[in-house]
1. Given (1) over 30 Å from LEU281 (Cα atoms); (2) of a type outside the set (A, V, I, L, M); (3) surrounded by 15 or more Cβ atoms within 10 Å (Cβ to Cβ); (4) touching a residue at least 40 places away in the same chain (Cβ under 8 Å), identify the lone condition not met by GLY171.
2. Return the residues of region 230-244 that are in a helix (DSSP H, G or I) and more than 13 Å from LEU98 (Cα to Cα); say none if nothing qualifies.
3. Collect the residues in region 249-267 that are among the charged types (D, E, K, R) and either touching a Phe, Trp or Tyr at 6+ places or on another chain (Cβ under 8 Å) or not in a helix (DSSP H, G or I) (or both), keeping them in residue-number order.
4. Only one of VAL136, VAL110 is modelled with pLDDT of 90 or more and of a type outside the set (Ser, Thr, Tyr); which?
5. Can you pull out the residues in region 254-272 that are more than 27 Å from the chain's Cα centre (by Cα) and buried (at least 17 other Cβ atoms within 10 Å of the Cβ)?
6. Scan region 193-229 for residues that are in a helix (DSSP H, G or I), at pLDDT below 85 and among the charged types (D, E, K, R) and report the count.
7. Of the residues ALA219, ALA151, which single one is among the small types (Gly, Ala, Ser), under 30 Å from LEU281 (Cα atoms) and touching a residue at least 24 places away in the same chain (Cβ under 8 Å)?
Amino acid sequence: MGLETMDKKKLNKTKTNNSYWKEIIKRFKKNKMAMLGLSILIILITVAIFADQLAQFGYDEQNAKTRFLAPSSQFPLGTDNFGRDILSRIIYGARISLQVGLISVAVSCVLGGSLGIIAAYYGGKLDNIIMRVLDVLLAIPGMILAVAIAASLGPGLNNMMLAIGLGHTPGFARVVRASVLTVKEQEYIDAARLIGDNDLQIIFRHILPNSMAPMIVQATLNVGRSVISAASLSFLGLGIQPPIPEWGSMLASARAYLRDFWWLTTFPGLAIMLTVFSLNLVGDGLRDALDPRLKS
């Protein structure tokens, strides 16, 4: 009878979790702007994955005879100062920008999430030390912090992703800490301690799953911020170096020709704007779907 009771409890818990996520998906689907953002994001991800098949030319394929051509049927977005097809470079650039956004957010999730959970769960002096260090870092604007880290590490894709991830870590840690402080006061945490669960079991079985909502929203919004940060670092010469087609570096290379050839900066800028716009819509939609106060 005891085993049957435990199996029933596990089954009921699984059903509750499934219905909870089904309700979130249902609420998300009702948000038209969030679905628009998701549709744009899916298109961008598809373009990034199949860049080799979709791009008409190689991202560094040069032709001196086709320099500075305006948008046309042959080159829909025109060509740059080396005769390279801007559309092909933007398509390949989607792969770089999304990669930077996702990996840098993963870095901030792991570091910031770990620091926030440790600070909130153990509290006391440890919480004080961690949060005071993070407060010092938060006093420095995230972009300036990322620039300082990138300048010390040197330009390059891996260094840029690490710099952006570290720059967003303090803000992520504060969000996670606030969520964990609320969760750890719940009665089921006390019950877990009473039945003999250790700290790691309580954190990974109870606290982390119940703190996921703000973490998911923060991570989604941070991907958009990371794309902007990557473009900014590349624009300043601290990110990905030419000829790799990153949207920020494309803007930096084209600024000398801005007055005469408008398409060189317009289309990479629109690509950045569209990506960040879609990510922000998805993040706002997730926030609304995960917020229990918005339930009807």
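1. GLY171 satisfies every listed condition except (1).
2. Of everything in region 230-244, those that are in a helix (DSSP H, G or I) and more than 13 Å from LEU98 (Cα to Cα) turn out to be SER232, LEU233, SER234, PHE235.
3. Listed by number, the residues that qualify are ARG259, ASP260.
4. After ruling out the rest, the residue left standing is VAL110.
5. PHE261, TRP263, listed by residue number.
6. 3
7. After applying the criteria, what remains is ALA219.
One line per residue, one yes/no per condition, for (1) of a type outside the set (S, T, N, Q); (2) on the phi > 0 side of the Ramachandran plot; (3) surrounded by fewer than 16 Cβ atoms within 10 Å (Cβ to Cβ):
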site: THR182; (1), (2), (3): no, no, yes
site: MET212; (1), (2), (3): yes, no, yes
site: TRP247; (1), (2), (3): yes, no, no
site: ALA252; (1), (2), (3): yes, no, no
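The values are calculated or read from the model by the stated rules, or taken from the named source; none is laboratory data. Everything quoted here is computed from the prediction, not taken from an experiment. Heads up, the Cβs are rebuilt from the backbone with ideal geometry, glycines too, and the neighbour counts pull from every protein chain shown.
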